[in-house]
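**Q** Dumping the structure here so I can ask a few things about it.
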Amino acid sequence: MKNMKQLILLLTLALSFSPGRAQCDSDAFMDKCAGNLGGSIFIKSLVMKSGEATEAKPNLFSYVFSKGSTYNLVVCDQNTSGNKLIVTLLDRNKKEIVSNYNKKTKKFYPSLDYPCGATGVYYIESHFESDKSGTCGVAILGFTKQ
């Protein structure tokens, strides 16, 4: 019985320190990312893992935005060079509005803001730079009323 308790404790410790999705699901990682929302009200978090989506077939989430609110998307990842999380906000026709990655300058931004001018369904598209697995990230959606 004592050996079984030690084995369970050892497995728990090993899993809590393993890389990948466990870090993204951890309270410390989520708290760090959510802290970047500033004065925005938290709506939801979208946890993603590399290898699950590609640029050709990204993750796609939908949410109804309301006119008169500013929506904030905070993007956090494990900061792995060459495999950073790219998050793009799309309108109801799935046309790009804004992204945390500027293709021309190859620069990443930690967050993006969108002052909503029309109530409707908007889409949050996400994928990693490469399809290598083992990296995780989170996009946190919040809003402020104007």
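The values are calculated or read from the model by the stated rules, or taken from the named source; none is laboratory data. This one's a predicted model, so the numbers in the text were calculated from it and none came from an experiment. Note that each Cβ is placed from the backbone with ideal geometry, even for glycine, and that neighbours are counted across all protein chains shown.
**Q** For segment 100-123, name all the residues that are in contact with a Leu (Cβ under 7 Å, 6 or more places away or on another chain) and either at pLDDT below 95 or within 20 Å of Asn79 (Cβ to Cβ) (or both).
**A** Asn100, Ser111, Leu112
**Q** Moving on to the next point. How many residues are farther than 20 Å from Gly117 by Cβ, among the β-branched types (Val, Ile, Thr), out of contact with any His (no Cβ under 7 Å at 6 or more places or on another chain) and assigned to a strand (DSSP E or B) when one looks only at segment 67-86?
**A** So the count comes out to 2.
**Q** Considering each of Tyr114, Tyr123, Tyr101 in turn, give the residue that is surrounded by 13 or more Cβ atoms within 10 Å (Cβ to Cβ), farther than 17 Å from Lys44 by Cβ and under 17 Å from the mean Cα position of the chain (by Cα).
**A** One residue alone meets the criteria, Tyr101.
**Q** Do you know which of the residues in segment 24-47 that are touching a helix residue (DSSP H, G or I) at 6+ places or on another chain (Cβ under 8 Å) and in a strand (DSSP E or B) is surrounded by the fewest Cβ atoms within 10 Å (Cβ to Cβ)?
**A** Going through the qualifying residues, I end up with Phe42.
**Q** For a quick check of your reading: which strands (runs of 3 or more DSSP E) sit entirely within segment 96-146 and have at least 2 residues that are among the hydrophobic types (A, V, I, L, M, F, W, C)?
**A** Correct list: 96-99, 120-128, 136-145.
**Q** Ok, one more. Looking at Tyr71, is it free of Cβ contacts under 8 Å to residues at least 40 places away in the same chain and out of contact with any helix residue (DSSP H, G or I) (no Cβ under 7 Å at 6 or more places or on another chain)?
**A** Here the answer is no, as Tyr71 does not meet what is asked.
**Q** Would you mind finding the one in Thr80, Thr144 that is surrounded by 12 or more Cβ atoms within 10 Å (Cβ to Cβ), β-branched (Val, Ile, Thr) and out of contact with any strand residue (DSSP E or B) (no Cβ under 8 Å at 6 or more places or on another chain)?
**A** The conditions single out Thr80.
**Q** Also, quick follow-up: Return the pairs, sorted by first residue and then second, in which the second residue is charged (D, E, K, R), the first residue lies in segment 33-48 and is within 14 Å of Val87 (Cβ to Cβ), the beta carbons are less than 8 Å apart, and the residues are 6+ apart or on different chains.
**A** Val47/Arg21; Val47/Asp25
**Q** Which residue out of Lys44, Lys94, Lys2 is at positive phi and either modelled with pLDDT of 90 or more or not polar (S, T, N, Q) (or both)?
**A** One residue alone meets the criteria, Lys94.
**Q** Taking the residues in segment 50-66 that are aliphatic (A, V, I, L, M) and in a strand (DSSP E or B) as candidates, determine which candidate is modelled with the lowest pLDDT.
**A** Of everything passing the filter in segment 50-66, Leu60 is modelled with the lowest pLDDT.
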